[in-house]
Amino acid sequence: MPSLRGLRVMAGLSQPELSRRSGVVQPTISQLETGKIRHPRFDTSSRIKRVLGVTDDEFKAALAESIRQCRTRSDRRRGTAA
């Protein structure tokens, strides 16, 4: 499953364009894509899902992948990757 960034890129959108179309501010989109926001507000996720054309399950899976990638990067920096 692609990450949130992957879904956005597949939709052919930049962060500013997704922000404009969804009404979600760009820093929030960036934080979601980097796994810094793990539990987005309902209205935030609804707006992004609508623009990306994904289901709730697809959005949740992409968010989980974004969080997983963030943890992997963090573990590599600390030298604790498996």
Considering segment 1-37, residues that are touching a residue at least 60 places away in the same chain (Cβ under 8 Å) and surrounded by 20 or more Cβ atoms within 10 Å (Cβ to Cβ), and then whichever is nearest to the chain's Cα centre (by Cα), we arrive at Leu4
Can you pull out the residues in segment 38-58 that are in contact (Cβ under 8 Å) with a residue 24 or more places away in the chain and either within 21 Å of Gln69 (Cβ to Cβ) or touching a strand residue (DSSP E or B) at 6+ places or on another chain (Cβ under 6 Å) (or both)?
Arg38, Ile48, Leu52, Val54, Glu58
Restricting to segment 1-18, name every residue that is of a type in the set (Gly, Ala, Ser) and more than 17 Å from Leu63 (Cβ to Cβ).
Gly12, Ser14
Which ones in segment 38-56 are closer than 14 Å to Ser19 by Cβ and basic (Lys, Arg)?
Arg47, Arg50
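Each value in this text was obtained by applying a stated rule to the coordinates, not by laboratory testing. Model, not experiment: these values are computed from the prediction. All Cβ positions, glycine included, derive from the backbone under ideal geometry; neighbour counts span all protein chains shown.
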